[in-house]
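Where a number appears in this text, it was derived from the coordinates with a stated rule and is not lab data. All values reported here derive from a predicted model rather than from experimental measurement. No Cβ is skipped: glycine too gets one built from the backbone with ideal geometry, and neighbour counts run over all protein chains shown.
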Amino acid sequence: MFRLRLPTDPRWVNIAEMNEAEILTDHAYCEQKAASTAISLIVRFFNYPQIVSKMADLAREEMEHFKRVHDFILKRGYQLGIERKDEYVNKLIRFIKKGSGREQQLIDNLLLAALIEARSCERFKLLSEQIKDKELAEFYRELMESEAGHYTLFITLAREVAPRERVDKRWEEILQFEAEVISTLENRSTIHG
């Protein structure tokens, strides 16, 4: 469905499972950043009513996910740790074309968000299928389905802004770049690392 060019190294699940507090903290911040991204898209692209409406709903949903992850953190006796830089996202942001006009920047931002949701969905699928903790596995299964919907939302919005051929061509370029980024990252106890 997502056509990710480089699948996650299966060993990542073991690292994530052995570092439950770390992965939960990173996940909580990923949800918070997703909400912030939705709000940023509202602020930057206020003249696209369909973007504003959909992103307002998404920001609320992402903060609900943050709360649920935070509840897991507290329930398991952990504390929300400090936020870490997301090397994966920071590298992907470099791909957005600067000075290419507002419409192209919007398309790039929507496709970048779709890609992050797609990678998160893939990782949540792995967690839901492979971790031993049944409660967390069920939670990640539910979030996997949600992330798939977010991926679809961002792709659909991009195709509403510009012709499908143009969006799909840019999607292929971003997928290729993302594979290069993933190939440079070590397996870490982070959602995207």
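Numbers below:
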quantity	calculated
For region 117-193 and region 96-113, distance of Cα centres in Å	18 Å
Where labels lie 7 Å past Cα in the beta-carbon direction, separation of ALA21 and ARG94 in nm	3.3 nm
Residue-by-residue Karplus 3J(HN,Hα) for region 91-105, coefficients 6.51, -1.76, 1.60, Hz, glycine and proline x	5, 5, 4, 4, 7, 5, 6, 8, x, 9, x, 4, 5, 5, 5
Cα-centred dipole magnitude for region 15-184, charges only on beta-carbon of K, R (+1) and D, E (-1), debye, nearest 20	580 debye
Karplus 3J(HN,Hα) series, Hz, for region 22-31 with 6.51 cos²θ - 1.76 cosθ + 1.60 (x for Gly, Pro)	5, 5, 5, 5, 4, 4, 4, 5, 4, 5
Count of Lys pairs (Cα-Cα under 30 Å; at least 8 positions apart or interchain) in region 72-170	16
Nearest-0.05 FRET efficiency for LYS134 and GLU186, computed from C-beta distance (R0 45 Å)	0.95
Sparse-neighbour loop sites [GluC sites (Glu not before Pro); region 89-193; at most 15 other C-beta within 10 Å; DSSP]	GLU186
CD proxy at 222 nm, helix term only [per DSSP H run n ≥ 4: -39500 (n - 2.57); per residue of the chain; nearest 500]	-26000 deg cm²/dmol
